[in-house]
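Below: the structure, in structure tokens.
Just so it is clear, none of the values below were taken in a lab; they were calculated from the coordinates. Quick caveat: nothing in here was measured; it's all calculated off a predicted structure. Glycine gets a Cβ as well: all are built from the backbone with ideal geometry, and neighbour counts include every protein chain shown.
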Amino acid sequence: MIDGERLWRRLSDLGEIGRQREGGVTRLSFTDEERAAKDRVASYMDEAGLSVREDAAGNLFGRREGRNADLPSVLVGSHVDSVYNGGDFDGPLGVLGGVEVLQTMQERGVETDHPIEVVAFTDEEGARFSFGMIGSRALAGRLTSEDLAKYEDRDGVSIAEAMRTYGLDPERVGEAARPEGSVKAYVELHIEQGRVLENEGLPAGLVTGIAGPVWLRFSLEGETGHAGATPMSLRHDSLAAASEIMSLIEAEASATGTSVGTVGQLSLEPGGINIIPGHVEFSLDLRDIDQGVRDRVEGRILDEAVEICRRRGVEMGVETLQRLAPAPCSELVMDAIGRACERFGIRPHALPSGAGHDGMQLAGLCPMGMIFVRSRAGVSHSPEEWSTKKDCAAGCNVLYWTVLDLAGGG
Ligand code: GLV
Ligand code: MN
Ligand code: MN
């Protein structure tokens, strides 16, 4: 059905944009690399005969008209930004898979009632600003000017400043919001980033919902001192307090069996070999598919962290960077994906997503669903991320039938 060779060639070519010496790709938002990736995708959209445009948040769209221009469009897509030294598949598969579906329809002269759009969202990963889903938030009407001013990258550049440098006007970001009822459904093809499908021996699967992340930043203020001259009993060591909190995070998240807690960023000052670290900052990414479980884990971590810091004479501050509710996928889209799997001879295996996706934002605007493709050894956010050509093609075929179903094709 779809052209698996073409999809694979485009995945490989896109993976060369932002390629690192360490083997992975780095394409942060509003950089030359993200721009180059979007330009490449725009050229594929052109080849597919789609009408191409970008919105006020930098989201790139390719549109194919339906029989009835007044009907809401079916939206497919994902993102082309990446984490630091990430893989070739997280994001590009959904964007290029969407282009492939529309190009196949174009080539076969397939008509649909609804228009269909494929989108490459701006900054899903949050690698640059520790925020993420910027484009999909804007589309869902959930991005505020406070967000654009508040979040800064490692060099102190705010999202608003980065947008201006990129040629976008942050004052106009509200124009990217789509009105309620203007999108019939959103479907995203993505690699699983886990091992469920591999264990089940299935190339693709049907997502039931997306776990909700809370991102926190801890700041610990203790006392800088001489590493040789300060007795252990008189120290207020911020890093020692942080390490105790990190062990606590691991223990509390593990105890539930479903929650996952990660400290991915850590910095300390002054940073000398013979100086007690007075100031430490670290992040927490805490997720669960059940919001109640996640919130109880968070509460226990914060209560115990306060106690640890009190005992050690260290001041603790906690800033919330983002707090998203888990997002269930809609019955409408799950049913269409289930039918598409069966049509293609794949047992429709249902599984939740531990990773976050643009669909979480879209869930507030329209019915949302996702198709997962088997990941090798479940590895992702790594240069080792891998899915086979055959599995990518199988997932894209499931996307084809799903979109045809939702868009009233035939
Ligand atoms: C993005 O992939 C995330 O889950 O944070
Ligand atoms: Mn992704
Ligand atoms: Mn990702």
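Some values worked out for this structure:
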| item | result |
| --- | --- |
| Over region 19-123 - Rg/Rh using Cα atoms and the Kirkwood inverse-distance radius | 1.02 |
| Normalised contact order of the chain, rounded percent, pairs of Cα under 8 Å and 6 or more residues apart | 23 |
| Percent of Cα pairs exceeding the 40 Å cut-off, where the set is the chain | 19 |
| Least to most buried among Leu7, Leu96, Leu268 (fewest other Cβ within 10 Å first) | Leu268, Leu7, Leu96 |
| Burial order of peptide ranges 52-65, 174-187 (average beta-carbon count within 10 Å, highest first) | 52-65, 174-187 |
| Nearest 10 degrees, 0 to 90: helix 92-108 Cα axis against the chain principal axis | 0 |
| Contact order relative to length of region 30-94, as percent, for alpha carbon pairs under 8 angstrom and 6 or more apart | 23 |
| Point-to-point label distance, Arg347-Leu234, nm (Cα→Cβ direction, 7 Å offset) | 6.8 |
| Mean ellipticity per residue at 222 nm, deg cm²/dmol - from DSSP H runs of n ≥ 4 across the chain, formula -39500 (n - 2.57) | -11000 deg cm²/dmol |
| Two-site label geometry, Ser254 and Val157: point separation in nm, points 7 Å out along Cα→Cβ | 4.0 |
| Convex hull volume per residue in cubic angstrom - Cα atoms of region 179-228 | 216 |
| Aspartates and glutamates with Cα under 18 Å of Lys150, excluding same-chain neighbours fewer than 8 positions away | Asp123, Glu124, Glu125, Glu161, Asp169, Glu171, Glu281, Glu319 |
| Segments 22-29, 317-324 sorted - mean Cβ within 10 Å per residue, highest first | 22-29, 317-324 |
| Radius of gyration and maximum dimension Dmax of region 102-252, Cα, Å | 23.2, 79 |
| For peptides 348-355, 196-203, 394-401, 372-379, sequence by mean Cβ density within 10 Å, most packed first | 394-401, 372-379, 348-355, 196-203 |
| Cα-based Kirkwood hydrodynamic radius, region 311-410, one decimal, Å | 16.1 |
| Percentage relative contact order, region 212-323, counting C-alpha pairs under 8 Å, at least six apart | 45 |
| Pairs of alpha carbons in region 169-292 whose separation is greater than 17 Å (percent) | 73 |
| Crossing angle, helix 291-312 versus the chain [Cα axis fit, 0-90 degrees, rounded to tens] | 20 |
| Paramagnetic reach from Arg323 (point 7 Å along Cα→Cβ, amide N under 15 Å) across region 289-313 | 291-303 |
